[in-house]
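Quick note: the coordinates plus some simple rules give every number you see, no bench work behind them. Bear in mind that the values here come from a model prediction, so they are computed numbers and not experimental data. All Cβ positions, even for glycine, are placed from backbone atoms using ideal geometry, and neighbour counts span all protein chains on display.
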Amino acid sequence: MKRLATIVWQSPAPTSVDERLAVYDDGTVWLVIRRPRELAGSIGSWFTRPAAVDLAALAAPGPAPIVFDVLRQHDSGAPASDELWSVAERVRAAAAEDPRAVATFGAAALEVVGPGRRSVALTVTGAGTDAVAFELDAARCTVQFSASGQAMAWVPLPELGSGFVTPDFEPLGGLRMRATVPPEAFGATAFEMAVPGGATTIAIQVAGWLIGALPDEPERGAFFTRTDEAPISA
């Protein structure tokens, strides 16, 4: 399977979007999201078989990557065009309906374990037709506390005791080793931490490496996303 073209969506820091379409000669187009344009988005790979006219439009620029600035909605180098942008967005939307190997992260504030302290869970759910493979970079993960929609504090992720584990205590990995999360599988890893007084929600920024997202890219690439905000009950 030969790659014909690559369409990349990026943006400057702090958003630093990293999404791309890889166009192959078997008629498939793969979407890989390592840093989603949504604040709390999934990471992984999706794929689709677009109409011949759309496939031809995406392949026309050739093998050199075409880079779009998501914020400005135009290319940062020839020969991209408004038409190519429109086609790429249409194919991206179609691919996003067909997950191949996708991970969605979540956060939960669990029971009180001491004065001002709680147990917190970072969760992952797999989706698609294949297992998603990744590894956490715990040193780049952070926890956000908010109150009434306003951010209160960012703190480093406390040390994790293990990688993700299913409800049946099956290890899925993810910490200092590759996580392999099958479709529909659910895993969690828990830790304890101090919770600021008045905080009403918690979210976790999750960083790591996505592994083997494309058939011709077996190596890992850095990912970064955030969970939805989860309530902190009294």
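Quick notes on this structure:
- The equivalent ellipsoid that matches the C-alpha gyration tensor of segment 3-97 spans semi-axes of 20, 16, 11 angstrom, in descending order.
- Low-density loop cleavage sites - trypsin sites (Lys or Arg not before Pro) in segment 132-234, where at most 16 other Cβ are within 10 Å (DSSP): ARG176, ARG178
- Karplus 3J(HN,Hα) series, Hz, for segment 102-111 with 6.51 cos²θ - 1.76 cosθ + 1.60 (x for Gly, Pro): 10, 10, 10, 9, x, 10, 8, 8, 9, 6
- Karplus-based coupling profile of segment 164-176, in residue order and whole Hz: 6, 10, 6, x, 8, 6, 8, x, 9, x, x, 10, 6, with θ = phi - 60° in 6.51 cos²θ - 1.76 cosθ + 1.60 and x standing for Gly or Pro.
- Exposure here means at most 11 other Cβ atoms within 10 Å; with GluC sites (Glu not before Pro) in a DSSP loop as sites, the longest stretch of the chain lacking them is 98-158.
- Using θ = phi - 60° and Karplus 6.51 cos²θ - 1.76 cosθ + 1.60, couplings along segment 37-43 (whole Hz; Gly, Pro as x): 6, 7, 4, 10, x, 7, 10
- At 0.890 mPa s and 25 °C, Stokes D of segment 103-231 from Kirkwood alpha-carbon radius, µm² per second: 162 µm²/s
- The stretch between ARG49 and GLU219, if pulled fully straight at 0.36 nm per residue, gains 58.8 nm over its current Cα-Cα span.
- Between 0 and 90°, nearest 10: helix 82-95 axis offset from the chain longest Cα axis: 50 degrees
- The amide H of VAL195, built 1.01 Å from its N in the peptide plane, has ARG117, ARG118 as neighbours under 5 Å, considering only residues 5 or more places off or on other chains.
- Using alpha carbons only: equivalent-ellipsoid semi-axes of the chain, gyration tensor based, whole Å: 36, 20, 13
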